[in-house]
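A.B. asks: Please see the structure below; I have some questions.
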Amino acid sequence: MLVVAAAVSASGSPEEIATKVARWLNKSNDVQGRYTIEGSGIRLSLGDYKGTIKPDGLTLSWPGGPILEFQFIPLAEENLKEDRVEPKPFAEATLNLTGLEVVVRATLGQAIMDSECSEVNFTPLSAPPQYPSGTTELAYQVSIDPAPPQGLDAGVSISGDCGSAVKRGKTCNKYAVVQGQAVVTRSTTVVSCGSGDSFKPGRYRLELMLGGAPAKSISFEIR
């Protein structure tokens, strides 16, 4: 007998369990009509594979092969990655401008900038994007890579209930000369609540705007 720790939850309906096991075995997810309930287990058929799923494990066999028994070992929720997508702390869009592929990314974080913008220290958030309780300022950074010679109208809109209008503060731009033109390649902006108070706890949204129109968005949280 071979015992293997499987990151497959044995909870749910027979259809859900069979689908999870099928996906875990890297077989077809279409298992409709190819399983039967037998007592406390589920008889599963995937091509030449024959298996029985029970609440605590899976017995699997195939012609000419050994019988393998897989034991379901409970895993902590944070370790179960199946079917879970962790939100990224940035919104990204790709444009094709006359044959030039341009990637525009708006990243959430915190920034410290001097009055002349000679020093900009931007620290991006990790995923999932969230700020601690009592946050009075947050920042975002928009990068354009590579920057087109004609420049690009890229910006950000932030929405959410902070108790007053979200106020855009200082912005520092980084420039590059492309085909004799000075164009913005990176822009860092600090925002706050217009009232001067800290952001209210809740969900907020950052929207990447290209040419004045929304392109991509992400949500973030104030704890």
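The values are calculated or read from the model by the stated rules, or taken from the named source; none is laboratory data. Since we're looking at a predicted model, the values are computed, not measured. Note that each Cβ is placed from the backbone with ideal geometry, even for glycine, and that neighbours are counted across all protein chains shown.
A.B. asks: Going by the conditions given, is Thr107 free of Cβ contacts under 8 Å to residues at least 40 places away in the same chain and buried (at least 18 other Cβ atoms within 10 Å of the Cβ)?
C.D. replies: yes
A.B. asks: Output yes when any residue across the stretch 165-172 is touching a Ser or Thr at 6+ places or on another chain (Cβ under 9 Å), surrounded by 13 or more Cβ atoms within 10 Å (Cβ to Cβ) and modelled with pLDDT under 90, and no when none is.
C.D. replies: Looking for residues that are touching a Ser or Thr at 6+ places or on another chain (Cβ under 9 Å), surrounded by 13 or more Cβ atoms within 10 Å (Cβ to Cβ) and modelled with pLDDT under 90, one finds at least one in the stretch 165-172, hence yes.
A.B. asks: Take the conditions surrounded by fewer than 18 Cβ atoms within 10 Å (Cβ to Cβ) and at pLDDT below 90 and apply them to Gly212. Does it pass?
C.D. replies: yes
A.B. asks: In a strand (DSSP E or B), crowded, with 17+ Cβ neighbours inside 10 Å and aromatic (Phe, Trp, Tyr): is that true of Tyr140 in this structure?
C.D. replies: Yes: the conditions hold for Tyr140.
A.B. asks: Further, regarding this structure: For the subset of the stretch 104-137 comprising residues that are assigned to a loop (DSSP other than H, G, I, E, B) and of a type in the set (Ser, Thr, Tyr), which member is farthest from the chain's Cα centre (by Cα)? Working first, answer last.
C.D. replies: Quick first cut of the stretch 104-137, residues assigned to a loop (DSSP other than H, G, I, E, B) only: 114-119, 125-129, 132-136.
If we keep only those that are of a type in the set (Ser, Thr, Tyr) as well, we get 115, 118, 126, 133, 135-136.
Numbers: Ser115: 34, Ser118: 32, Ser126: 11, Ser133: 22, Thr135: 23, Thr136: 25 Å.
Result: Ser115.
A.B. asks: Same structure again: Taking the conditions exactly as written (under 24 Å from Ile112 (Cα atoms) and of a type in the set (Val, Ile, Thr)), does Val191 satisfy them or not?
C.D. replies: Numbers: under 24 Å from Ile112 (Cα atoms): yes; of a type in the set (Val, Ile, Thr): yes.
Criteria met by Val191.
A.B. asks: Suppose we keep only residues that are in a loop (DSSP other than H, G, I, E, B) and acidic (Asp, Glu) within the stretch 143-172. Which one would you say is nearest to the chain's Cα centre (by Cα)?
C.D. replies: Asp161
A.B. asks: Any residue at all in the stretch 140-155 that's among the small types (Gly, Ala, Ser) and over 24 Å from Tyr204 (Cβ atoms)?
C.D. replies: yes
A.B. asks: Within the stretch 112-126, track down each residue that is under 20 Å from Ser219 (Cβ atoms) and surrounded by 13 or more Cβ atoms within 10 Å (Cβ to Cβ).
C.D. replies: Pro124, Leu125
A.B. asks: Among the residues that make up the stretch 197-204, is at least one of them part of a strand (DSSP E or B) and among the hydrophobic types (A, V, I, L, M, F, W, C)?
C.D. replies: Taking every residue of the stretch 197-204 in turn, none turns out to be part of a strand (DSSP E or B) and among the hydrophobic types (A, V, I, L, M, F, W, C).
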